[in-house]
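Nothing in this text is a laboratory measurement; each read-out follows from the coordinates by a stated rule. Predicted, not measured: the structure shown is a model, and the values here were computed from it. Every residue, glycine among them, receives a Cβ derived from its backbone with ideal geometry; neighbour counts consider all protein chains shown.
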Amino acid sequence: MKRPKTAAERQARVAGILRRLDEMYPGATCALRHANPWQLLVATILSAQCTDKRVNEVTPGLFAKYPTPQDFAAVRPEILANDIRSTGFFNNKAKSVVGAAKRVVTEFGGQVPRTMEEMLTIPGAARKTANVVLGTAYGIPSGVVVDTHVQRVSARLDLTKNTDPVKIEQDLMKIIPKERWILFSHQLILHGRALCVARTPKCAGCDLNSICYAKDKTA
């Protein structure tokens, strides 16, 4: 298809993308299972370089063993590392989780904070993690979650020219309505898993196919 040339045409195309995403993934939400903001923070830290499926297999036993942030703050990282070994990079993740727990307990009274500024002071919580927790746990649209799926799909849809996650997020926040940031992130992540996969995307079955001009489209 022809690339939109005017701002109005680009805006109309984005609206079309959002409309089709709504039709494809109307109830999109975070795949990480959690009962409260703290559990989501832990699960998100564990999800780095790991599948959500694996994290969801580990966290039920983990949260049964350590029910509160105080319990996580009290455990030695080398002990916790064994509990989360199957998620990969377990030593670093254990240090982050214990550090996060100590920060949440000592600085925020055991409650995960509700602002980006405060979230970014927590070990293991960069912008992506903070956006996940603030958006999913609190319904606060602090930004757009940019994981590998969002990075890939937004590039294929020509919503950004950047490769740095922070710059990608800035690009998306400019063109996606703020009230859509949370849902949009979930939808792009699901789309990246279901159809717009890294190798050999399933373009024939994609409702975005007619308004997508990715270079690696398949027949």
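For segment 108-150, report the translational diffusion coefficient in µm²/s to the nearest whole number, using Stokes-Einstein at 25 °C, 0.890 mPa s, and a Kirkwood Rh over Cα pairs.
Details: Rh = 10.5 Å.
Estimated via Stokes-Einstein, D reaches 234 µm²/s.
Would you calculate, for the chain, the mean residue ellipticity at 222 nm contributed by helices, counting each DSSP H stretch of 4 or more residues as -39,500 (n - 2.57) and dividing by all residues, to the nearest 500?
-16000 deg cm²/dmol
How are the alpha carbon pair distances in segment 1-121 distributed across 5 Å bins from zero to the largest one, expressed in percent?
The calculated distribution, bin by bin, is 2, 10, 17, 18, 14, 9, 7, 8, 7, 5, 3, 1.
Ranking His191, His34 by Cβ neighbours within 10 Å, fewest first, what do you get?
Lowest to highest Cβ neighbour count: His34, His191.
Taking only Cα atoms and a 10 Å spring cutoff, compute GNM fluctuations for the chain and point out the largest among Phe184, Phe108, Phe90.
Answer for the Gaussian network model of the chain: Phe108.
Which aspartates and glutamates, if any, have their Cα less than 17 Å from the Cα of Lys5, not counting same-chain residues under 8 positions apart?
List returned: Asp158.
What is the order of Thr68, Thr106, Thr200, fewest Cβ neighbours within 10 Å to most?
Exposure proxy ranking, most exposed first: Thr200, Thr106, Thr68.
Apply the Karplus parameterisation 6.51 cos²θ - 1.76 cosθ + 1.60, with θ equal to phi minus 60°, to every residue of segment 190-201 and state each ³J(HN,Hα) to the nearest whole Hz, in sequence, with x for glycine and proline.
Computed from phi, the couplings for segment 190-201 are 5, 5, x, 7, 7, 10, 8, 6, 4, 9, 6, x Hz.
At q = 0.09, 0.10, 0.18 Å⁻¹, what log₁₀ I(q)/I(0) does a Debye calculation on the Cα points of the chain give, no solvent, two decimals?
-0.39, -0.48, -1.24
Which pairs, out of Lys53/Lys95; Lys93/Lys161; Lys53/Lys128; Lys2/Lys202; Lys128/Lys174; Lys178/Lys217, put more than 26 Å between their alpha-carbon atoms?
Values: Lys53/Lys95 22 Å; Lys93/Lys161 31 Å; Lys53/Lys128 19 Å; Lys2/Lys202 21 Å; Lys128/Lys174 17 Å; Lys178/Lys217 29 Å.
Over 26 Å apart, Cα to Cα: Lys93/Lys161; Lys178/Lys217.
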